[in-house]
């Protein structure tokens, strides 16, 4: 359940921080690595990058640790 603070003020957490935890990269380009992974997942699922809802669903199904905000961030990155 969301905390009262998040409900009242919104979630100001940077999605890139969670991506860096899930996709660690020594060179500091965790977002690039996550984007490449997401591109592969969406292609394997047969989902168009422009279909953000299905892309988010495919990403979260492939990586259960991925919360909604970083999944939306990746889907938006792929959509262009």
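Read the figures in this text as sums done on the coordinates, not as results from a lab. What you are looking at is a predicted structure, and each value in this text was computed from that prediction instead of being measured. Glycine also receives a Cβ, built like all others from the backbone with ideal geometry; neighbour counts cover every protein chain displayed.
Tabulated results
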item: Cα long-axis angle, helix 52-62 against the chain (0 to 90 degrees, to the nearest 10); result: 90
item: Sorted by Cβ density within 10 Å, fewest first, the residues 50, 12, 67; result: 12, 50, 67
item: Relative contact order of the chain, pairs being alpha-carbon contacts under 8 Å that are 6 or more residues apart, as %; result: 29
item: Acute angle (nearest 10 degrees) that the helix 30-45 long axis makes with the longest principal axis of the chain, alpha-carbon atoms; result: 60
item: Helix-only [θ]222 nm of the chain, DSSP H runs n ≥ 4, -39500 (n - 2.57) each, per residue, nearest 500; result: -20000 deg cm²/dmol
item: Cut-off 12 Å, label 7 Å out along Cα→Cβ of residue 14, residues of the stretch 62-80 by amide N; result: none
item: Shape box of the stretch 29-80 [Cα atoms, principal axes, largest first, Å]; result: 25, 21, 18
